[in-house]
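Just below is one structure, and these are the notes that go with it.
The values are calculated or read from the model by the stated rules, or taken from the named source; none is laboratory data. Just so we're clear, the structure is a prediction, and the values are computed from it rather than from any experiment. For neighbour counting, all protein chains shown are included, and Cβ atoms are generated from backbone atoms with ideal geometry for every residue, glycine included. Calculation scope for accessible area: heavy atoms of the full protein, side chains included, ligands and nucleic acids excluded. Shrake-Rupley method; radii C 1.70, N 1.55, O 1.52, S 1.80 Å.
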Amino acid sequence: MSEDHMYRWPDYYDWTSEGLDGDVTYYADLAMKAKGPVLELGCGTGRCTLGMARHGVEVVGVDKQPEMLAVAEKKAEAMGLSDRCRWVCEDMTALKLERRFSLVIIPYRSFLHLLHVRDQVATLQTIRHHLEDGGCLAFNVFVPDITQLAEEEKKLVHRGVFGIPGTGQTVEVYDYTEFDHFRQQAAVIRYYERFEAGGRLLERLRTRFSMRYVFPTELFHLLRLTGFEVVRRYGGFRKEPFGPESTELVIEAIKTAHH
């Protein structure tokens, strides 16, 4: 069973992953300014991809989980956007497309699935290679809160109740997390429980995923070292200033001329 086992259940992912407040609009605005083509890494089932394609922008969506891409492709067809979307099943650390993009995005904290510094560096080098000169990389990660990490350690944490559209069914999500703070890694067991309207349990899934949390300063250094200059940083998708209270970090970085 692979570590990203959670992503083998695209339906559950879609029912319970609503994204972050304003993220699709933010990335779509950037895409329209860049005029495309856009490269999206960790595109999943295409939530952001289709949000950009709806505005007439050409997008290449990359994800390493074929189950997720199959759903993305179906959605694009249903929305009549297939001609603007191309789907590539590949690991973001080793991507080799023979073209360049004016904008590369990694939405919804997908950068955190890179579990080692070498993977992060390889990904940033790959991105740099795929960016036009002066092109922009935009992505977001959560800001680690030491107290919260400590509180959630080895506890079952309820993540919410989500309705399944048109069914009256609901899904409840629980996470059990084990941290390796030396490596800044978290191994999460995610439980999905699906109930019918009357409250009877229909299905329970035990899935897992891993991530490596990163601190803002660490990320700024990493970008500088791999040939990027951070031009804008926000504490959210409404362009709130980034500061000590921020829980999310949104970064826009441009490819520097010399590296």
Exercise. What residue, of 159, 183, 86, is under 30 Å from residue 216 (Cβ atoms), open to solvent by 70 Å² or more (accessible area, probe 1.4 Å), out of contact with any Leu (no Cβ under 7 Å at 6 or more places or on another chain) and part of a strand (DSSP E or B)?
Worked result: 159
For this session: Scan the stretch 5-48 residue by residue and report those that are under 29 Å from residue 169 (Cβ atoms), aromatic (Phe, Trp, Tyr) and not in a loop (DSSP other than H, G, I, E, B).
Result: 7, 12, 13, 15
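May I ask you to say which residue of 178, 193 is without any contact (Cβ under 8 Å) to a residue 24 or more places away in the chain and not aliphatic (A, V, I, L, M)?
On the way: 178 fails: without any contact (Cβ under 8 Å) to a residue 24 or more places away in the chain.
Step by step, each of 178, 193 is checked, and only 193 is without any contact (Cβ under 8 Å) to a residue 24 or more places away in the chain and not aliphatic (A, V, I, L, M).
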Seminar exercise, completed: Among (1) surrounded by 13 or more Cβ atoms within 10 Å (Cβ to Cβ); (2) within 15 Å of residue 13 (Cα to Cα), residue 219 falls short only on (2)
For this session: Read through the list (1) open to solvent by 10 Å² or more (accessible area, probe 1.4 Å); (2) of a type in the set (Asp, Glu); (3) under 17 Å from residue 110 (Cα atoms), then give the number of the only condition that residue 11 fails.
Result: (3)
Seminar exercise, completed: Only unsatisfied item for residue 134, checking (1) at pLDDT below 95; (2) open to solvent by 70 Å² or more (accessible area, probe 1.4 Å); (3) part of a strand (DSSP E or B), is (2)
For this session: Taking residue 245 as meeting all but one of (1) outside any loop (DSSP other than H, G, I, E, B); (2) of a type in the set (D, E, K, R); (3) closer than 24 Å to residue 22 by Cβ; (4) free of Cβ contacts under 8 Å to residues at least 24 places away in the same chain, write down the number of the exception.
Result: (1)
Exercise. Between a first residue in the stretch 37-64 that is over 20 Å from residue 98 (Cα atoms) and touching a residue at least 12 places away in the same chain (Cβ under 8 Å) and a second residue that is open to solvent by less than 10 Å² (accessible area, probe 1.4 Å) and among the hydroxyl-bearing types (Ser, Thr, Tyr), which pairs have beta carbons less than 8 Å apart while being 6 or more apart in sequence or on different chains?
Worked result: 48/27; 51/27; 52/27
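Out of 126, 147, 177, report the one residue that is β-branched (Val, Ile, Thr), open to solvent by 60 Å² or more (accessible area, probe 1.4 Å) and not in a loop (DSSP other than H, G, I, E, B).
Numbers: 126 fails: open to solvent by 60 Å² or more (accessible area, probe 1.4 Å); 177 fails: open to solvent by 60 Å² or more (accessible area, probe 1.4 Å).
Result: 147 is the single residue among 126, 147, 177 that is β-branched (Val, Ile, Thr), open to solvent by 60 Å² or more (accessible area, probe 1.4 Å) and not in a loop (DSSP other than H, G, I, E, B).
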Exercise. Which of (1) in a strand (DSSP E or B); (2) small (Gly, Ala, Ser); (3) over 20 Å from residue 20 (Cα atoms) is the odd one out, the single condition residue 210 does not satisfy?
Worked result: (3)
For this session: Answer yes if at least one residue in the stretch 104-118 is of a type in the set (Ser, Thr, Tyr), open to solvent by 10 Å² or more (accessible area, probe 1.4 Å) and touching a residue at least 60 places away in the same chain (Cβ under 8 Å), and no otherwise.
Result: yes
For this session: Tell me which of these residue 33 doesn't satisfy, since it passes every other one: (1) more than 21 Å from residue 234 (Cα to Cα); (2) in contact with a Leu (Cβ under 9 Å, 6 or more places away or on another chain); (3) not hydrophobic (A, V, I, L, M, F, W, C).
Result: (1)
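If only one of 96, 74 is loosely packed, with under 15 Cβ neighbours inside 10 Å and assigned to a helix (DSSP H, G or I), which one is it?
Being loosely packed, with under 15 Cβ neighbours inside 10 Å and assigned to a helix (DSSP H, G or I) holds for just one of 96, 74, which is 74.
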